[in-house]
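What follows is a short report on a single structure.
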């Protein structure tokens, strides 16, 4: 990965701004030239797993959320529950996005 950094002067005498440019594409091109696999994580959704997620959320006993006295705590309980079922039903899948370069 290539990077370029730069300090820029501003009109304020005691303030500077920094920039950093990371060239992610050059890393991908390097991996492609070396025939290295490039992966990314995706979630594949379809009607079947979405319906199953809705079923599980409808069947959940939300008492642990309603019993919370603080709004923040109730929100955290709610998010944890939804995230658990979402990650279980619509899990991350590692896929190869490697494309062959024609020589």
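Going by how many other beta carbons lie within 10 Å of each one, how would you line up 87, 61, fewest first?
Working: 87 11, 61 8.
If I rank by nearby Cβ atoms, fewest first, I get 61, 87.
Cβ crowding within 10 Å ranks 69, 64 as 69, 64, fewest other Cβ atoms first.
Using the Cβ-Cβ distance between residue 87 and residue 66 with R0 set to 30 Å, the FRET efficiency works out to roughly 0.85.
Quick note: the coordinates plus some simple rules give every number you see, no bench work behind them. Computed from a predicted model, the values in this text were never measured in an experiment. Please note: Cβ atoms are built from the backbone with ideal geometry, for glycine as well, and neighbour counts cover all protein chains shown.
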